Amino acid sequence: MAGHENTRWRRAIKAAEALFLTNELGSARNIGELTKIVSAKTGKRITIDHVDGPDLAMTTALWVEFSDSSLIVLRAQDPAYYQARGLFHELGHILFQHPACEALGTAMRADRYRGGHVRGRVLIPDHRQPTIYGNEQHEGEAEAMAKILGRHLLRARFDADDKMFG
Ligand SMILES: [Zn+2]
């Protein structure tokens with residue numbers, strides 16, 4: 001990793017840690033409590049939906065914004081760890097109040113989903129492949145938040161599907 005990328009990543013981690021603390025995200029013991037905290041911050045209900053189908057062929061997580069709510073769609077057939085990472089990534093964008101998730105190019109993005117405006121979708125990359133990022137600062141911050149949330153909530157639990165989304 002080049003030096004300037006290192007600096008950018010450290011900056012993203014610092015910013016995410018600060019948000020984690022000011023929003024008291026550490027008090028969340030599960031994903032339900034986490035989304036409640038984020039929802040209280042944005043004033044919008046956050047719904048998590050697990051779907052199975054071609055809609056998400058190239059997507060681990062999809063963030064769809066409605067006027068009064070936010071929807072995060074996760075691919076049901078993904079392992080729980082990937083679903084959680086995708087969810088945390090999109091929650092990271094919401095916490096940072098980014099305009100969108102640009103982990104994939106616009107060409108791969110549908111504008112509408114179930115009547116809502118698609119703000120972003122992320123495909124958790126195979127670790128052997130380079131990550132395709134649009135706005136690197138935003139994506140770095142979302143990834144940093146995902147990492148911190150994962151470290152907090154997934155500790156030795158990522159094989160317990162039923163508990164994680166309980
Ligand atoms: Zn993103």
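The values are calculated or read from the model by the stated rules, or taken from the named source; none is laboratory data. Bear in mind that the values here come from a model prediction, so they are computed numbers and not experimental data. No Cβ is skipped: glycine too gets one built from the backbone with ideal geometry, and neighbour counts run over all protein chains shown. What goes into the accessible areas is simple: the full protein's heavy atoms, side chains included, and nothing from ligands, DNA or RNA. Shrake-Rupley method; radii C 1.70, N 1.55, O 1.52, S 1.80 Å.
Return the pair list, or none, for Cβ contacts closer than 7 Å from residues in segment 71-82 that are surrounded by fewer than 18 Cβ atoms within 10 Å (Cβ to Cβ) to residues that are assigned to a strand (DSSP E or B), at least 6 apart or on different chains.
Sorted first by the residue in segment 71-82, then by its partner, the pairs are Ala76/His50; Ala76/Val51.
With a cut-off of at least 3 residues that are away from the ligand (no atom under 12 Å from the Cβ) and modelled with pLDDT of 85 or more, name the strands (runs of 3 or more DSSP E) lying wholly within segment 57-166. Outline the logic, then answer.
On the way: elements: 61-65, 69-75, 116-122.
Ranges flagged: 69-75.
If the Cβ limit is 8 Å and pairs must be 6+ apart or interchain, which residue in segment 15-41 that is among the charged types (D, E, K, R) pairs with which residue that is outside any helix (DSSP H, G or I)?
Lys36/Ala28; Lys41/Asn23
Restricting to segment 6-23, name every residue that is open to solvent by 60 Å² or more (accessible area, probe 1.4 Å) and modelled with pLDDT of 95 or more.
Correct list: Lys14, Glu17, Leu21, Thr22.
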